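Every number here is computed from the coordinates shown, using simple stated rules; none is lab data. Worth saying up front: this structure is predicted, and the values here are computed from it rather than measured. A quick note on method: Cβ atoms are made from the backbone with ideal geometry, for glycine too, and the neighbour counts reach across all protein chains shown.
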Amino acid sequence: MTTNIDQTRRGTGPVLDIDHLQVTFATDAGDVYAVKDVSLTVNPGEVVAIVGESGSGKTVTAKTILGLLPETAISSGAVLINGNNVISVSAAELRQIRGRDVAMVFQEPSTALNPVFTVGWQIAEGIRAHAGRGGAGRVSAKDAKARAIEALGKVGIPDPETRVNYYPHQFSGGQKQRVVIAAALALNPGLIVADEPTTALDVTVQAEILELLRDLRDTYGTSIVLITHNMGVVADLADRVVVMYQGDVVEEASSRTLFAEPKQDYTKQLLAAVPHLGRNSASAGMTERAHQGGKVLVEARDLTIEYPGRLGRGGFKAVDGVSFTVSEGEVFGLVGESGSGKTTIGRAIAGLNRTTGGSLKVLDYEMLHLKERSFKPLRKDIGFVFQDPAASFNPHLTIGECVAEPLIIHSNPTPAQARARTAELLESVQLPASYADRFPHELSGGQRQRASLARALILNPKLLIADEPTSALDVSVQAKVLELFKEIQAEFGFAALFISHDLAVVDILSTWVGVLYKGKLVEQGLGNQVMGSPQHDYTKKLIASLPVPDPDEQARRREAYRAVLGT
């Protein structure tokens, strides 16, 4: 295994030097200035985080480093990688630079990996593609596969000799992210650009990926440009932080300095928007009577949901003997990793999944023997906010038509009534009524999530199910959506099942919290008790793995997390 950097190839100067970069996109409505004037450097073995909201220009800057901008983009300035200007080099030279000098870890590994080829073939493809360039000579299929196995071993994939022949669907989300990192490492580049590498991952898997990136820096001297909106991740990994706003760099400092003494108002607002565990807890000062006092709208008793096996295999028990209640006006937070069963429970409550054992009563209706004809009248009392509003909206309908659809199905209003109610709901979620005429792709992620909330509320439901509604949002947008959720919940008084893997978000919204692990509810109670004094080892692991936006505290938490893993 190669453990030393090729210093003769990479030199002793900056691995990356961006000088007065400007990027403009030509559109029918005129030029859009995505990056106005950005200058920064990355030194060997350094992790530089570029942070900012959507539209700040951070991802455009990252794509410029690898020459991945579309033809409509016009770039000026210089982006030097080991002395080569990516903006002005030929296409052939750019292909040599990619993979050899710089590689990219994309945000969504499921779309970055080809589902019809094994992961080993895909890693080896990059190795073979660069063979012969720079006088390296051709690489045989056997050698390429051996190097792919070595790359998978570097990123901690168990049994890489066997799993090199696996397809992407045979890996979990965290393992797929490791495979994408392995592909980036295959040619031992001096610089890795990681675009939101932990956004959709559970906190425990996120902690593993951050540990992996830290090991790559320490063991192989790899430089990393980290694009993220998660300030906890920045505090955990970054040596230096570059803050971008509307295409400009507004502040740059070491990680410790930025978190301790931010200079710019925008940076202060960005840090203030980060949710902290234990701060602004919804359950502060409450007792268990609050959970037991109201009318019960959802009651699960030894709930079991099992998916049948195929080809002679046994079934998979996604939910195993779970018991809990959700009372009128209460926000019940359900947390756990991917595969714990939390989304399955949420979909079962909405009548989208069948239950197979125990009892689940929703609005006094027993879901065990669900009949759609008898359950349909209750659907108007249940709202659902999906994790990805872009996928849940019909792209051919306007926002107004999407929001009004449940009202039209269940209430048959006149067009004027539907328009009036839609405008009222859009205003209540702080969107202008004029947005009703826009299409989903014309809204930002935060705006689409607000519209999704409006659609869920249009029938004044008694129960709202929110499945990871803020997981892909910037911290400032997330803070606004969470504040909006709290205000609307207080105004309308609906009960809510809030599903999330972000413990700090759950703590802000939920009075009662349940922790799921492999289909079992291992712990539940008042939010501040579960978060502040966890009883189950898995809950302790979840809390210990949550990064916090403070480098010194995060360093202590990292050691505590390693101690928890060692127990």
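Straight-distance candidates among the lysines for linking to K176, with alpha-carbon spacing under 25 Å and chain neighbours fewer than 8 residues away dropped: K58, K63, K142, K145, K154, K317, K342, K518, K541. Annotation for region 339-405: trypsin sites (Lys or Arg not before Pro) lying in DSSP loop with at most 16 further Cβ atoms inside 10 Å of their Cβ are R354, K371. Entry note, region 108-188: relative contact order of 43 percent, from Cα contacts under 8 Å with a spacing of 6+ residues.
For Cα pairs less than 8 Å apart in space and 6+ apart in sequence, what is the mean separation divided by the residue count of the chain, i.e. the relative contact order in percent?
Result for the chain is 16 percent.
Its DSSP H runs of at least 4 residues, each contributing -39,500 (n - 2.57), put the calculated 222 nm mean residue ellipticity of the chain at -11500 deg cm²/dmol, to the nearest 500.
Qualifying GluC sites (Glu not before Pro) in region 43-141, where qualification requires a DSSP coil assignment and no more than 11 other C-beta atoms within 10 Å, comprise E71.
Taken about its Cα centre, the chain carries a charge dipole of about 1560 debye when Lys and Arg each add +1 at the Cβ and Asp and Glu each add -1 at the Cβ. Looking at the chain alone, DSSP beta bridges between its own residues are antiparallel in about 55 percent of cases.
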